[in-house]
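Written below as structure tokens is the structure these notes are about.
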Amino acid sequence: MSQDARSQDDTPFHDAPIVDSHAHIFTRDMPLGASPWHTPDYGFTAEDYLRTLDEHGVHFGVIAGISIYGHYNDYMLEMLRKYKRLRGTVNVPPTTDRYILERMKADGIVGVRLQLTRRKELPDLGGEDYRLLLRRVADLDWHVHVVVEGQLWPLILQKLEASGAKLVIDHFGHPDPQEAENCAGFQAVLRSVEKGRTWVKLSAGYRLTWAAHGQTRRDPRALDMARRLARKLLEHAGPERLVWGSDCPFVGHEAAVTYRDALEDFYSWVPDPVVRRRISATALKLYFS
């Protein structure tokens, strides 16, 4: 399934981002995790994704570990070994051994993903297992790629920062939709960025209102909030602390979003081409240096 099958205009952008910092790849027969929030009825392979990048003038991609498949990273690792244009972050148990992580690094993994949304209870990030994992992440010069509901950031950021690992925060920090840029969690994210080891992804603006999956159009409230949050992040974080991600293939919202939509969002959020190039340089350094 190609993301461009629905697009009427596949002409590449002349100054497309160098790096797409957030995408997913999977096959139809991959084993699901224990409690998947969605079950795709299609596959989106590495070849599908790379074709999409080529059709839009994007050079490199970063594959985010996808929570619905639990700790099954096998397909991603195989594709990272095959395609050097790709990097990835993995979902792993906190007890994962250092030697396994080192092999993953050799394959192209650059971080671990903590998918903490939709949970009744957060894991104890200050417990022994997670302190050990976070220390190993820091020792490997990886980053912790985190997604959580925005109001929960004050509960976890201090423990994550204390680990010494770099932090990459998903999807604008997912502030509470009712509070947006005034959300206490979003303000905590801005303070974390100021400390110099935190980056934020300008990605998946259409998810910000937690609209139910299966929609055929994007929620205009989410798109408006994304523009406001991007402006605030540019003012307080600057392009050296921001990266862009498409969220391709838009799992759960496939009928509402195309790759071209994702690129046009980025151009709307960051209208200055010089600033967009600086964001691309940030992503290139963070993921591929």
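Derivation of every value follows stated rules applied to the coordinates shown; laboratory data play no part. Because the structure is predicted, anything quoted here is derived from the model rather than measured. Neighbour counts run over all protein chains shown; Cβ positions are idealised from the backbone, glycine included.
Tabulated results
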{"item": "Residue-averaged 222 nm ellipticity for the chain, from DSSP H runs of 4+ at -39500 (n - 2.57), nearest 500", "result": "-11500 deg cm²/dmol"}
{"item": "Simple label model, 7 Å out from Cα along Cβ direction - VAL274 to GLN178, nm", "result": "4.2"}
{"item": "C-alpha center-to-center spacing [the stretch 197-214, the stretch 43-66] in angstrom", "result": "19"}
{"item": "Neighbour-count ranking [beta-carbon atoms within 10 angstrom, fewest first] of ASP261, ASP170, ASP129", "result": "ASP129, ASP261, ASP170"}
{"item": "Label corresponding to Cα extents along the principal axes in Å when calculated from the structure given, among (1) 52, 42, 36; (2) 89, 32, 29; (3) 58, 44, 33", "result": "(1)"}
{"item": "Protection proxy ranking of 248-257, 91-100 - average other beta-carbon atoms within 10 Å, highest first", "result": "248-257, 91-100"}
{"item": "Loop trypsin sites (Lys or Arg not before Pro), the stretch 119-184 (other Cβ atoms within 10 Å of the site Cβ: 14 or fewer; DSSP)", "result": "ARG119, LYS120"}
{"item": "Cα-based reach from LYS285 at 30 Å (exclusive), listing lysines while leaving out same-chain residues under 8 positions away", "result": "LYS82, LYS84, LYS105, LYS159, LYS166, LYS195, LYS201, LYS232"}
